[in-house]
Amino acid sequence: MSKIAYQLIAFQTIIFFFTVSSIKAQTTTLEQKTDKVARLAVNYMNIDLPDSVYHLTGDQFRKTISQPTWNNVYKQFVSLLPFTKTVFISSKDSINKYKLIGKITLAYYVSLDQKGKLNNFSFVPYKDEVNVLKMTEAERKTNILAQKILLLINQKKADSIYLFASNSFKNQIDAVKWKSIAENGLFPLTPLSEATFLGSENGVNRYKLMPYQFIIGLDEQGKFNTLALQPYKEKAVKAARALSDNEKRTRLDSVVDNIVTTYIQTKGNVGLSAGVYYKGKDYFYNYGETKVGNNQLPVSHTIYDIGSITKTFTATLLAIAVEQGKVTLSTPIAKFLPDSVALNKEIKNITLEELANHTSGLPRLPDNFQANVTDTYQPYENYGVNDMFSYLKHCKINNPPGAKYGYSNFGAGLLAVILERIYHKSYQELLRQYITGPAKLTETGFAADNSTTLAQGYNEQDQPVAPWKFLAMQGAGVLKSSAFDLLSYSKLQLLHPNQPLHEALRLTHRVTFDDGTNIIGLGWHYLADFKNVLQHAGGTGGYRSMICIDPDKQLTVVVLTNNATTGDSLGIELIEALKAIND
């Protein structure tokens, strides 16, 4: 690797490794000797003696890193100094590991060559709360960039951060505006503390770095298209026991209660309805309140915003159109677009299947989306079909269609618009005619504002918010439903003979894309760790939801919450726990 490449690493990432060969022998004496050099290096850094640190390094290190390069690297640490404490953690394969405490906490790795000189000398974000091995591959990829960005924020390097921004981010925030945001909004908050990974949703990782939370999501190119630093509200345990209709009489009851209790007893989490189809029977569990302070327990018929679970309904409509012979999955979308839009060569090879499995190359949201937002609590209500076609007329896609997975709300919304043009009926009419009507899903639909059974939603600041409204992007997240209806919908996915939509649903389950991490049917995603489990999460401004189906075990789970927190993750926890007791 060239000196320039190493300089780039030092400037752009909190993780920099200067590792060549390591000594295989490992003894207590070696650990002690390494410890002495490791602490001496930290002392030299604290008293601003980079040349003295370099004199501790060995020949192999110096062949890779020249002294001028090292001096440039050292400059990146000046804002982090002094390190106030060096705590020995462990030693493995002749490499000592330390917890290096300062303005931010780092993990510090040191090994020596045969002459007792520094050979491995590296720093990474210290994590004693997060088990990275529990992250998915996509979460790990996002986590790497997250740690880079956090260090660059601490180093107040606006231009370097902007290098990692996606085209869609840059189209909305140019370099001048970004520099102003960074210098006036971000940098005054530094130094940021170490980040704790909290979870992810739809490719967006969330971290706690008290007193803030950090949010980051990547596009298909590995560049960030979502980036935010917000106040973090620490969740405390409620003093009083939340309401519940779970009688805890059976093992199933106890499994559900054990998983849900931690969530519902956390302050800020208001209500939850869950449905389980287990060993041929339906079970419903409700917790909390439909509205803060009303002392009213949700029921299985309480209505919630279900967000992106809507995409599975949209994909089912596509499968129905295929079954009816109106289209094939390989039909190009250009066939159904206005002529002026279809002329764009960038989109001519995108197929209907690629809209349904998120491999179209289209972005999560289009570049002209933000300009239509007049109410941050209702981001989708003004984006119309003309806006959609205006974007498609001139857009450029980053990946060839079908080549890479990239979650796209825009693609799902476009698919619904195309289905409307195929059938000459509204999306709402199509759902009623082909899905909610035949399946008798009477509590699933668009209208929720005047529903007396609607649970009040709450955002991440615990403020009451309304369900989201949609214009052209309905197919991405417009639906509202209940635990009762969603459990019925989940049971249809078990493909019992003589049930409605049997063949169309079977088609939505067929894997259409598999890169080893993202396994996708039509609309449905498969869990990477349990590749026979279909799932989809939903999230809007004040609600979270999850549906999981295991056809092999004949087991389904739905979870609906009226909080924009982490309630959707409970669905995966439940399906995994129930699979275990079902074996």
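The values are calculated or read from the model by the stated rules, or taken from the named source; none is laboratory data. In this text the structure is predicted, and so the values were computed from the model without any measurement. Heavy atoms of the whole protein, side chains included, go into the accessibility calculation; ligands, DNA and RNA do not. Shrake-Rupley method; radii C 1.70, N 1.55, O 1.52, S 1.80 Å.
Rounded to the nearest 10 degrees, the inclination of helix 483-492 to the longest alpha-carbon principal axis of the chain is 90 degrees. Residues whose amide H comes within less than 5 Å of that of G541, counting only those at least five positions distant or on another chain, are W468 (H built at 1.01 Å from N in the peptide plane). Counting every pair of alpha carbons in the stretch 412-469, the share spaced more than 12 Å apart comes to 74 percent.
For the chain, the spread of Cα coordinates along the three principal axes comes to 77, 63, 44 Å, biggest extent given first. Under 17 Å of direct C-alpha separation, and excluding same-chain neighbours fewer than eight residues apart, K85 reaches these lysines: K36, K97, K99, K103, K127.
Coordinate range of the alpha-carbon atoms in the stretch 317-454 per principal axis, descending: 47, 41, 27 Å. By the equivalent-ellipsoid construction on the alpha carbon gyration tensor, the stretch 41-194 comes out with semi-axes of 30, 19, 16 Å, ordered largest to smallest. Of all aspartates and glutamates in the structure, those lying under 17 Å Cα to Cα from K396, and not within fewer than 8 positions of it along the same chain, are D219, E220, E346, E354, D367, D387.
With contacts taken as Cα pairs under 8 Å at a separation of at least 6 residues, the stretch 435-482 carries a relative contact order of 42 percent. Overall, the anisotropy analysis places the stretch 529-583 in the prolate class: the square-rooted eigenvalues a ≥ b ≥ c of its C-alpha gyration tensor yield a/c not less than 1.5, with a/b exceeding b/c. Tell me, Kirkwood radius of the stretch 193-292 from alpha-carbon pair distances, in Å? Taking every pair of different Cα atoms in the stretch 193-292, averaging 1/r and inverting gives 16.2 Å.
If both residues of a DSSP beta bridge must be in the chain, then about 95% of such bridges are antiparallel. Using the structure shown, select from K238/K279; K179/K223; K75/K115; K117/K157; K279/K480 the pairs with a Cα to Cα distance greater than 25 angstrom. Flagged as over cut-off: K238/K279; K75/K115; K117/K157; K279/K480. All C-alpha to C-alpha distances of the stretch 451-575, sorted into 10 Å bins beginning at zero, yield P(r) values of 12, 39, 35, 13, 1 percent in whole numbers. Take every Cα pair under 8 Å whose residues are at least 6 apart in sequence, average their separation, divide by the length of the chain, and the relative contact order is 12 percent.
A simple rule links phi to the HN-Hα coupling: the Karplus curve 6.51 cos²θ - 1.76 cosθ + 1.60 with θ = phi - 60°, which for the stretch 96-101 gives 7, 10, 10, 9, 9, 9 Hz, with x for Gly and Pro.
Our analysis of the stretch 101-260 gives Rg over Rh at 1.09, with the two radii drawn from alpha carbon positions and Rh computed by the Kirkwood formula.
Using the alpha-carbon positions of the stretch 328-391, Rg (one decimal) and Dmax (whole number) come out as 13.2, 38 Å. Amide H to amide H distances under 5 Å link L243 with G288, where only residues 5 or more positions off or on other chains count and H is placed in the peptide plane.
Computed over the chain, the per-residue total of -39500 (n - 2.57) for DSSP H runs of n ≥ 4 gives a 222 nm mean residue ellipticity of -9500 deg cm²/dmol, rounded to 500. Using only the C-alpha atoms, the convex hull of the stretch 385-504 corresponds to 177 Å³ per residue.
In the context of the full set of protein chains, residues of the chain present 43 Å² of accessible surface per residue (probe radius 1.4 Å, heavy atoms only). Rg/Rh for the stretch 274-362 (Cα atoms only, Rh after Kirkwood) is 1.21.
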